[in-house]
Amino acid sequence: MIAIIRKELVSYFSSLLAWVVITLFLGVSGFYFYSNLSFFLLSGGFDVARGLWQFQLHDMRQIMVSLLPLLTMRLFAEERRLGTLELLWTYPLRDVEIVLGKYLASLLVLLLMLAPTLVFPALLTQTNAPVAIGALLAGYLGLFLLGAAFLACGILVSALTDSQVLAAAVTFSLLLLFWIMTWNEAAVGAPVLSVLSRLSLFDRFYVFSRGGIDTRDVTFLLLFSAVFLAWTVLALGSRRWRGVK
């Protein structure tokens, strides 16, 4: 599995993909931080220590919806297109080790995306602006767990196709569906809305963005990722059993 992680990291950073995704994420996140901070300072009367980061974390979540499908689109789709997936199956590796290796490599790239954004609160502390460290750490934990769920969803889609473009488009569409599924309250009614809100990834993020940690939300996001990874293993096993390339 470590060999798979190393292979995927080399593949990420030997091409422009990871560099472009990380650069775009940091650039747009920096723009949002500047805009949000300007809004709070000019408006006045808002809780900068907490309120600023609620805005910032939600904006970073929005960027991740658009960019993380680009990280997962190639993980299996490219292997299948090039015919190297069958080569992996000749090695003494189980499907679960292949899936986890690729998933952990994408998680490391996610960490590399998020880590530099810690410079934002560091800049605020240099100006003696208040920063609620505990609330900020809770928000970043939620952001990482949410991103992990996005990546697990994208890996499953990539395992079902040999087209990177299709994998990215379908993953983005699924994440968008999880985002908007609770928007139309009047159309679905309270009982259905209650069920949808429990399935919505984004509703699970609200407590984190407010500086809290709910074990139910942590458990849901971890289980979401685990279920999609298990489905990916099953999808690979099904294709191998049927001899589909």
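Summary of computed values
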read-out	value
12 Å beta-carbon shell around residue 91, net charge (K/R +1, D/E -1)	-1
Ordering of 9-17, 113-121, 66-74, 136-144 by burial proxy (mean other Cβ atoms within 10 Å per residue, highest first)	66-74, 136-144, 113-121, 9-17
Most fluctuating residue given options 180, 63, 213, as computed from a GNM of the chain linking Cα atoms under 10 Å	180
Contact order relative to length of the chain, as percent, for alpha carbon pairs under 8 angstrom and 6 or more apart	28
FRET efficiency, 1/(1 + (r/R0)^6) with R0 51 Å, evaluated for residue 180 and residue 14 via beta carbons	0.90
Cβ-defined net charge surrounding residue 109, 15 Å radius [Lys, Arg +1; Asp, Glu -1]	+3
FRET E, pair residue 118, residue 81, Förster distance 35 Å, beta-carbon r, rounded to 0.05	0.40
Burial ordering of 2, 155, fewest other beta-carbon atoms within 10 Å first	2, 155
Table column - 3J(HN,Hα) (Hz), the stretch 80-91, Karplus curve with 6.51, -1.76, 1.60, x for Gly and Pro	5, 5, 7, x, 8, 5, 5, 5, 4, 5, 7, 7
Label selected from (1) 20.0; (2) 19.2; (3) 18.6, the criterion being Kirkwood radius over Cα pairs in Å as computed here	(2)
Net lengthening on full extension, residue 39/residue 238 (0.36 nm per residue, minus Cα-Cα)	66.4 nm
Dipole magnitude of the chain, debye to nearest 20 (Cβ charges: Lys/Arg +1, Asp/Glu -1, about Cα centre)	500
From phi via Karplus (6.51, -1.76, 1.60), per-residue ³J(HN,Hα) for the stretch 165-181 in Hz, x at Gly/Pro	4, 5, 4, 5, 5, 5, 4, 4, 5, 5, 5, 5, 4, 5, 6, 9, 5
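Coordinate-derived values only; no laboratory data. Computed from a predicted structure; not experimentally measured. Cβ: placed from backbone, ideal geometry, glycine included. Neighbour counts: every protein chain shown.
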